[in-house]
Amino acid sequence: MKYFFQLLLIVLPLIASATNKPQYAVSNILPELLENAEVVIREDFTTFNVLTPATAELKARMVITRLRDDASYDDLTIGYDMHTKVNRISAAIYDKNGALVRKIGKKEIQDYSAVDGFSIYTDSRLKYIDLSYGEYPYTIEYEYEKSYKGIQSYPGWYLQGFDTSVEKSGYVLTLANSLDVKYEVFNLSVEPEIQSAGGKKVYRWSAENLPVIEAESYSPSAMNILPKVLFAPEKFTIDGYTGSMTDWESFGKFMYELNDGRGELSAAMKAEIKKLTAEATTDTEKIEVLYRYIQDNMRYVSVQLGIGGWQTFDAAYVEKNKFGDCKALTYFMRTMLEEIGITAYPALVYAGRDKERAATEDFTFPLFNHVILNVPSADYWLECTSADSPPNYLGTFTDDRPVLLVTENGGVFSQTPTIPIEDNLQKNVATITLDEKGTATVTNQSILTGTQQEYYRGLEKNQSREDIKKYFSRIVDLPSFTLKDYELSSSMDAPQAEFSYEVEIPRYGSKAGKRLFLPLNVINPMSGIPDKVKERKFPVQIKRGYVEQDEFQYILPDGTTVESMPEKTATITSDFGTYEMEISQEKNVITYRRTLKINPITAPAERYTDWRNFCKEVAKLDKMKVVLIQEKT
Amino acid sequence: MTKLSYLLLLFCFYIANLSAQETEMTYGEIPAEELAMETYYPDSTAAAVVLGNIGKIEFSPFIFGSYTLSHYCRIKVFDPSAFDLKDVAIRALKPDNSDWRNSQSAVVVTGRVDADRFTEMDIFDLQNLQAAVVAPDGTRIELSEADMFEEKVFGKVYTQMFALPNLQPGSVIEYSYRLNATNLATLQNWYFQTSIPTRYSELEIKLPNWLEYAMIMQGDMEPTQKTEERVQYNYSGYGYPESKQRYIYTDVPALKSDSYITTMDDYPAGIEFHLLRVKLPRRIVVEYMGKWDDLVNKLLKQGDRFAKLYQKKNSYRLLSAAITPLLTNAKTEREKAQIIYDYVNQNMEWDNNYNVFGSDVTLNKIYKRRKGNSADLNLMVAAILQQEQISFTPILLSTRQHGKMYPLHPTIAQFNHVILQVELDGETVLIDATGDEFLPLGMLRMESLSKIGWRVKLKEYTWVALNPATAADIFIADFNLMENGILNGKVQSIQSGYNAVKKRRSQADSLMETLVQKRLAKQFPDVKMDETTYKNLAAIDKELYSEFTCEIPVATQSMGDVMYFSPVVYSDFFENPFKLEQRSYPIDVPYPIQEQSVITINLPEGYQLEELPEKVLLTLPEGAGKFQYMVTQENNSIKLVSKIKLDQLYFLPEEYPRVKGFFDLIAAKLKEQIVLKKITASNN
């Protein structure tokens, strides 16, 4: 009987609270919070109560007004796994006046396996509730509780996404006195109120009336703009492993221990390694031979099981299956190197073209989703999940960003190399032979290096020759043409690709009576000028630099002379980049040379117009034409 | 209607006198030469090839008809890194919320899935699912349950995938399973062609004399071999004749996708099955398809979630209470229909699902959610039209993504959407109230442009043509050309049909630059434009007018005393939309297109005309398309008229070069230049 009453106490307040809520009326929202908003967060309160390093309780409550049908938050999705349990969920929908439309019934809570689209198996699951309602605006309200038996990290306080404003938001972190935490506030100025009572420490953060933040192009990535608070516990325990986020050294130590002793190779494998490296004399040769072995024999497959994807499968698993996820392949490579006496360290990293998230040196929060391998003695970095990448090339996936090296002495905060601007090169050397009708035969030879070769390498490795031929017009952007032939190759030793083609373009030059108009840069013009904007908020950020070098020779048809030629040289210099163009003529050959260099840069918001103007100027110069005139015969 | 010229096979086979090629393929027995095989000669670039794909379908008379599908598939992999896991996927249907690995309920199919064919009563029993990866050296790894995982496709349909351990260049993958199903109508389409080449593909089906399917051959390939023989089914004294049919396809090329098509599912070689009737001995004949009459009856008289939704007053009481007061001042049928359409379109949200049937048994329940599928919303309109005694007919169709329809086959599965044909004061209007705020009454959602639809009317059912409105874009400009080469002046644009829908939507998304302005800015990066003023921006049923002034600084290039410029400053066809040299699939354009430029340019003082582009009139055969281009001089000004029209919506692959050539010439013509020369003393 006693139990019965306890149950009632927990359940009653919620059900009783789901009645009409006039305070949720949309008319109560401040006009400045409605401006450009798709969603208004009315209330967002999270309480995270940490009892021991391994156990905690989470309570979350949210009230959200959705203003448009394409806005986010049309569902509630709560993830859980073997370490967490969802104890209670309630949700309700209110119309624009705050009148209750309906409460969500138990039957509406669905339970799914969290299929993420790329992992082959995962033990994560989801609780899911559809919170859509067709009449806008409307308000949703939900609450849930989750308990933790095993803590990997504390949930962060993420206040808002793009196109979202916030009325009230708060986060309460309660810690047993024996525990400690560091925190860091990003993109917001807010200080916690800290109290100590009853054997507990309580941190309270709160914020209100945050207007909408809108996404902008060429800006720092979302993670570096949106407000959030993250926590680094001094001590956490999961599956019997205890770790700390006090500093990178101790967190790295935890990662080391978690993965230690999982690298036992079979005798056959050991013999194979010996055989493979027998001929190699230097360390770099040995590394490359083994890297090639992994590339040729192992496949990348994502497997997310166990300790939140932090613990690797052992070497025997990889050896048997010939596949693994990033951890498994990286640790396997490390074990192989260890076998021949070369020390290598797994490096945790946040992968992605946009350099989205970056861990910082003075705050230990593991913003990582991938692992690569560093060989300090050779200063080598190896991407072990790629079958196509040359050794020691990280590329746009993991270049130029912070990493945590996992060493036997703990974590070492480090940085992957930046590819020098000049190494990201696209060089085009073309000959364009024209006839009197304006038809051009174009042969172009391109050399691509660094980030510029990634697309072409991918094309060569993943597409059939037949497909490349068929879809050639999507690969090179030229006016309607006929493909004669092409060659595409990429080096397995260096980040370099070579691409050449011969095409015929029937109406390359356009005719007007006896005149023929000849555009000078059809092969590689600037495209995609940044959009005009009214008010720029965030800095302009160009994340990577590159260089384009073009040399085009135009062979003019017999019996034509140049009637009009644009300026023979042009130069644009800006801190965003430089552009140089030069035209020369010798008899019936016009030579056009162009160099465009784009610098990686972060500039203040007001410089956005300068960036746009730079692109516009380049695009304008790329459109120049020569006018030829048919001689009277 | 060449699109519909498929081969129809209603069991009127010649008994082929071919000796069936015997292909022995048994799970667990891979011949050494297949392990050693290094390339597949018909397509040496293929990353993998289906060595054999063998299906057997048998029927049992018990439990009022059921079928068993046995499937064996063997794939040779040459390049594991270029190999897509989806190539060895099985598409499956599982009940909601159940873990498919722990359940015996799954339907296994590949290709297009008609979720509508399944009912909650169906039982699927997947047995003996086994799969293995065999390395070229013969090392064999049998897959365990842990190596199998699933991916949601849509609704209840899942793809069963395999992780492939120890996959090496040269490995062979094989899998087999058996599926028992209780509902004969769930027999899915069978495909002989997939995204990798296929060496051998076979389907054997033993059709009892008590069962009839319409079997529709798909794709443009003929089977290599087709046989039919009579056999006898015997089970402890109970027996009947069966027709044993075998279809064999050999060396089937890989299926490759393309642009300007409806859906790839329309193109692979395969057989579609539509259950016609079951006539078991000593039982009454059950017609599944039989006649259009039955289909109409089912929709209009028997079924719950179609006509009953709008015929029964109780079904739409709440909806009626909301809309009826708005109708009090409406006089004409058109005014009423407009109010009903606007109400449903603006107040109900479409859940992005198309369906022929409503999602609940009353419209009240759907109204309470303010959200529903395409049938829910359009039948809501039907309900109030019915109440107001405005006559209408539902029209069923298949959306562009859903694929083609079969005018000869009365099956419900070919449709996935219902719209309304309404008589308003003697005028016929189509209604598709699926929540698009920029779509005026009378126009269909772009996805619904299926060219034909089926009218659901007792005794008067028929296929009807759905002719979409032209998407027109008219650009009128009055420019002054300055001596320094700058063009400035006033631009007017008129957009109608789907162009107006598009433009209104983009205008709502971004207040900065309109679609017309964006297109101008693409051509002239440093164009300066004033803000646009609009007429009819909110009146979505009218043409949209917009107007702005602009200055184009580098519209011209000059050298010495000569000035050159191209008079066409605005077009969607500066680049040919058809760039591929060849094409294997038909071109399917959703609606007719029209683009027109009328540009007047006043020349600067002291210049005279040296060269004008020639006028041109270009047509595609049978009025399919037309391009007119003409520049004329009037006193000191030039007038350009350019008109592009595309009226035919469907072109066969053979017609592709002609269509491509048409747009090539347009692109070239639009770039042609006018040459002006300064009048010097000696000229005079």
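In the set (1) at pLDDT 95 or above; (2) surrounded by 20 or more Cβ atoms within 10 Å (Cβ to Cβ), B:Pro613 fails one condition alone, (1).
With the structure loaded, tell me whether A:Val11 is β-branched (Val, Ile, Thr) and modelled with pLDDT of 85 or more or whether it fails that test. Step through it out loud before you land on a result.
Numbers: β-branched (Val, Ile, Thr): yes; modelled with pLDDT of 85 or more: no.
Answer is no for this residue.
All of B:Leu520, B:Leu580 fail the test of being within 14 Å of chain A (Cβ to nearest Cβ) and either assigned to a loop (DSSP other than H, G, I, E, B) or of a type in the set (S, T, N, Q) (or both), apart from B:Leu580.
Considering the stretch A:511-555 alone, what residues qualify as being touching a strand residue (DSSP E or B) at 6+ places or on another chain (Cβ under 9 Å), among the hydrophobic types (A, V, I, L, M, F, W, C), within 14 Å of chain B (Cβ to nearest Cβ) and closer than 15 Å to A:Asp622 by Cα? Scanning the stretch A:511-555 gives A:Phe517, A:Leu518, A:Leu520, A:Val522, A:Met526.
Please go through the stretch A:477-493 and pick out each residue that is part of a loop (DSSP other than H, G, I, E, B) and either facing chain B (nearest Cβ under 10 Å) or touching a Phe, Trp or Tyr at 6+ places or on another chain (Cβ under 8 Å) (or both). First the steps, then the outcome.
Of the residues in the stretch A:477-493, the ones part of a loop (DSSP other than H, G, I, E, B) are A:477-481, A:491-493.
Across the stretch A:477-493, the qualifying residues are A:Asp477, A:Leu478, A:Pro479, A:Ser480, A:Phe481.
Take A:Glu551 and tell me if it is surrounded by fewer than 18 Cβ atoms within 10 Å (Cβ to Cβ) and in a strand (DSSP E or B). Judged against the criteria, A:Glu551 is a match.
Residue-level check: of (1) more than 12 Å from every other protein chain (Cβ to nearest Cβ); (2) assigned to a helix (DSSP H, G or I), A:Asp558 misses just (2).
What number of residues within the stretch B:538-564 satisfy the criterion of being modelled with pLDDT of 90 or more and within 11 Å of chain A (Cβ to nearest Cβ)? Qualifying residue count for the region: 0.
Taking every residue in the stretch A:614-628 that is closer than 9 Å to A:Met526 by Cβ and pairing it with any residue that is among the basic types (Lys, Arg) and modelled with pLDDT of 90 or more, at least 6 positions away or on another chain, the pairs with Cβ-Cβ distances below 8 Å are A:Asp622/A:Arg594. State whether one or more residues within the stretch A:273-294 are in a helix (DSSP H, G or I), under 27 Å from the mean Cα position of the chain (by Cα) and under 30 Å from A:Ile151 (Cα atoms). No: the stretch A:273-294 contains no residue that is in a helix (DSSP H, G or I), under 27 Å from the mean Cα position of the chain (by Cα) and under 30 Å from A:Ile151 (Cα atoms). Screening A:Tyr608 on (1) within 28 Å of the chain's Cα centre (by Cα); (2) in a strand (DSSP E or B) shows it passes everything except condition (2).
Go through the stretch B:313-407 and tell me which helices (runs of 4 or more DSSP H), entirely inside it, have 2 or more residues that are of a type in the set (S, T, N, Q) and within 14 Å of another protein chain (Cβ to nearest Cβ). Give the derivation first.
Values: elements: B:317-323, B:333-347, B:363-369, B:374-387.
Here the list reads B:333-347.
Quick one: would you say B:Ala469 is within 28 Å of A:Tyr136 (Cα to Cα) and out of contact with any strand residue (DSSP E or B) (no Cβ under 6 Å at 6 or more places or on another chain)?
Working: within 28 Å of A:Tyr136 (Cα to Cα): no; out of contact with any strand residue (DSSP E or B) (no Cβ under 6 Å at 6 or more places or on another chain): yes.
No.
Being surrounded by 21 or more Cβ atoms within 10 Å (Cβ to Cβ), of a type outside the set (D, E, K, R) and either modelled with pLDDT under 95 or closer than 19 Å to A:Phe614 by Cα (or both): is that true of A:Gly509 here? Considered against the rule, which asks whether it is surrounded by 21 or more Cβ atoms within 10 Å (Cβ to Cβ), of a type outside the set (D, E, K, R) and either modelled with pLDDT under 95 or closer than 19 Å to A:Phe614 by Cα (or both), A:Gly509 comes out as yes.
Once the stretch B:523-537 is narrowed to residues that are within 14 Å of chain A (Cβ to nearest Cβ) and surrounded by 15 or more Cβ atoms within 10 Å (Cβ to Cβ), the residue that is nearest to the chain's Cα centre (by Cα) is B:Gln523. Here the condition is being out of contact with any strand residue (DSSP E or B) (no Cβ under 7 Å at 6 or more places or on another chain), away from chain A (no Cβ under 14 Å) and closer than 30 Å to B:Ala307 by Cα; of B:Lys502, B:Lys459, it holds for B:Lys459 alone.
Please determine whether any residue of the stretch B:46-67 is in a helix (DSSP H, G or I) and either within 14 Å of chain A (Cβ to nearest Cβ) or surrounded by 16 or more Cβ atoms within 10 Å (Cβ to Cβ) (or both).
Of the stretch B:46-67, the ones in a helix (DSSP H, G or I) are B:62-64.
Still in the list and also either within 14 Å of chain A (Cβ to nearest Cβ) or surrounded by 16 or more Cβ atoms within 10 Å (Cβ to Cβ) (or both): none.
No; the residues of the stretch B:46-67 include none that is in a helix (DSSP H, G or I) and either within 14 Å of chain A (Cβ to nearest Cβ) or surrounded by 16 or more Cβ atoms within 10 Å (Cβ to Cβ) (or both).
For residues in the stretch B:186-218 being touching an Asp or Glu at 6+ places or on another chain (Cβ under 9 Å) and of a type in the set (Gly, Ala, Ser), which is surrounded by the most Cβ atoms within 10 Å (Cβ to Cβ)? Top of the filtered list is B:Ala214.
Yes or no: the stretch A:44-58 includes at least one residue that is of a type in the set (D, E, K, R) and out of contact with any Leu (no Cβ under 9 Å at 6 or more places or on another chain). There is no residue in the stretch A:44-58 that is of a type in the set (D, E, K, R) and out of contact with any Leu (no Cβ under 9 Å at 6 or more places or on another chain).
Which members of the stretch A:512-521 meet the condition of being touching a residue at least 60 places away in the same chain (Cβ under 8 Å) and either under 17 Å from A:Ala430 (Cβ atoms) or surrounded by 19 or more Cβ atoms within 10 Å (Cβ to Cβ) (or both)? First the steps, then the outcome.
If we filter the stretch A:512-521 for residues that are touching a residue at least 60 places away in the same chain (Cβ under 8 Å), which is where we start, we get A:514-521.
Scanning the stretch A:512-521 gives A:Arg515, A:Leu516, A:Phe517, A:Leu518, A:Pro519, A:Leu520, A:Asn521.
Residue check: B:Glu614 meets all listed conditions (1) within 14 Å of another protein chain (Cβ to nearest Cβ); (2) out of contact with any Pro (no Cβ under 9 Å at 6 or more places or on another chain); (3) assigned to a strand (DSSP E or B); (4) not hydroxyl-bearing (Ser, Thr, Tyr) but one, namely (3).
Can you tell me which residue within the stretch B:628-657, out of those that are within 14 Å of chain A (Cβ to nearest Cβ) and at pLDDT 90 or above, is surrounded by the fewest Cβ atoms within 10 Å (Cβ to Cβ)? Walk me through how you get there before you give the answer.
We begin by selecting, within the stretch B:628-657, every residue within 14 Å of chain A (Cβ to nearest Cβ); these are B:629, B:631, B:638, B:640, B:653, B:656-657.
From what's left, at pLDDT 90 or above: B:629, B:631, B:638, B:640, B:656-657.
Values: B:Tyr629: 23, B:Val631: 20, B:Ile638: 22, B:Leu640: 21, B:Tyr656: 20, B:Pro657: 14.
Among those residues, the one meeting the criterion is B:Pro657.
Is there a residue in the stretch A:596-605 that is away from chain B (no Cβ under 11 Å) and part of a helix (DSSP H, G or I)? Checking the stretch A:596-605: at least one residue is away from chain B (no Cβ under 11 Å) and part of a helix (DSSP H, G or I).
A single entry from B:Glu287, B:Glu272 fulfils the requirement of being touching a strand residue (DSSP E or B) at 6+ places or on another chain (Cβ under 7 Å) and touching a residue at least 12 places away in the same chain (Cβ under 8 Å): B:Glu272.
May I ask you to verify whether B:Ser171 is at pLDDT 85 or above, in contact with a His (Cβ under 9 Å, 6 or more places away or on another chain) and either within 12 Å of another protein chain (Cβ to nearest Cβ) or crowded, with 19+ Cβ neighbours inside 10 Å (or both)? Break it down into steps so the answer makes sense when it comes.
Details: at pLDDT 85 or above: yes; in contact with a His (Cβ under 9 Å, 6 or more places away or on another chain): no; either within 12 Å of another protein chain (Cβ to nearest Cβ) or crowded, with 19+ Cβ neighbours inside 10 Å (or both): yes.
Taking the combined requirement at face value, the residue does not satisfy it.
For the subset of the stretch A:619-633 comprising residues that are at the interface with chain B (Cβ under 9 Å from one of its Cβ atoms) and part of a helix (DSSP H, G or I), which member is modelled with the highest pLDDT? Filtering first and then ranking leaves A:Ala619.
The values are calculated or read from the model by the stated rules, or taken from the named source; none is laboratory data. Owing to the predicted nature of the structure, the values given are computational and were not obtained by experimental measurement. Counting neighbours? That spans all protein chains shown, and the Cβs are built from the backbone with ideal geometry, glycine included.
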